[in-house]
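Since every read-out is calculated from the coordinates, none of them should be taken as a lab result. Please read these numbers as outputs of a predicted model, since none were measured by experiment. No Cβ is skipped: glycine too gets one built from the backbone with ideal geometry, and neighbour counts run over all protein chains shown.
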């Protein structure tokens, strides 16, 4: 069967769709702008590789990869692993913040209760004096 | 020691069967301020502690024994205490041994004192202790004892952000103290059997396996640091 699009266009369109989705997510405030760097970078790479597939052949030859498409798969898996690791680093950072916030709330709650308790007799004393 | 303010910290998670009695016994023994850190319990732990005269810090989310202990240390620093003693809520630690824990801090021999009872625990636990002693190079017999006393420098270090992601209060805390140049001393104390419930850390074989693997990773990741520390010490000598 004859293919509708060339490989070149397929990857380029995938790259453009990824970039479009990223911009839409940022526009709707669903994706934090800091998180967009990675995905925009990936989208740009996919578009470039789509339009200029010869690049991957040349890089593959330079790196001694006999069958260049394997290089794309290897690089993709590498990028995904780096991304997952960075997500776990971010999660650890958030876990630290969450733990410290939880601790701070418990401490502040106690200080607030103590302040309220010490304020109550003072206020009662003040009210008593006003009545007199 | 003149001018010292000390508090007893008790991290507690669903310990309403024993925590009230533990607080009462500590307060009867000496004029200690007792702070119970209620680790998001679903029972009457907070109410029982308040009824027994303790100050209670209620965590909204369960942070585990070390997260609760760190909350207590941060609160103690906020309130101007310069020494804290940590005790379990299950009644294993006798309040009468508190002075023995505080003595080396007062004499300036140590920044942290562990109330140790190597006689307790199963053979498997002792094997794990020996294994981690070998891995870490820590000359401490009872690595998991929660009966401890901390000086002000130790409190300040352990209240910091770098101690927040520790999962357990034993090996990670000890390594952090040692690598920061603080001194640890161990004193032998008697311990009672647990009054009720079971160990939260060693509650099931799965938890034991998780504990062993996590601590093994922690030890291996600190090996390089320790070597660097030793070589640096060598240069100083």
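For the reader, a short list of remarks on this structure follows.
- The alpha carbons of the range B:6-236 occupy a box of 55, 40, 33 Å along the principal axes, longest dimension given first.
- For the range B:6-236, the relative contact order comes to 21 percent (Cα pairs under 8 Å, sequence separation of at least 6).
- Rounded tilt (10° steps) of B:19-29 against the dominant C-alpha axis of chain B: 90
- Ascending count of other beta-carbon atoms within 10 Å, so fewest first, for B:81, A:67, B:150, A:7: A:67, A:7, B:81, B:150
- The per residue volume of the convex hull around the alpha-carbon atoms of the range B:116-187 is 91 Å³.
- Once the Cα atoms are used to define both axes, helix A:68-131 deviates from the longest principal axis of chain A by about 10 degrees.
- Computed over chain A, relative contact order equals 19 percent, with contacts defined as Cα pairs under 8 Å that lie 6+ residues apart.
- Cα gyration tensor, the protein assembly as shown - rounded (a/c under 1.5), prolate or oblate: prolate
- Relative to the longest principal axis of the Cα atoms of chain A, helix A:7-27 runs at roughly 10 degrees.
- Scattering profile of the range B:24-136 at q = 0.09, 0.17 Å⁻¹ [log10 I(q)/I(0), Debye over alpha-carbon scatterers]: -0.30, -1.04
- Across the range A:22-132 the C-alpha pair distances fall into 10 Å bins from zero in the proportions 11, 21, 19, 14, 10, 9, 7, 5, 3, 1 percent.
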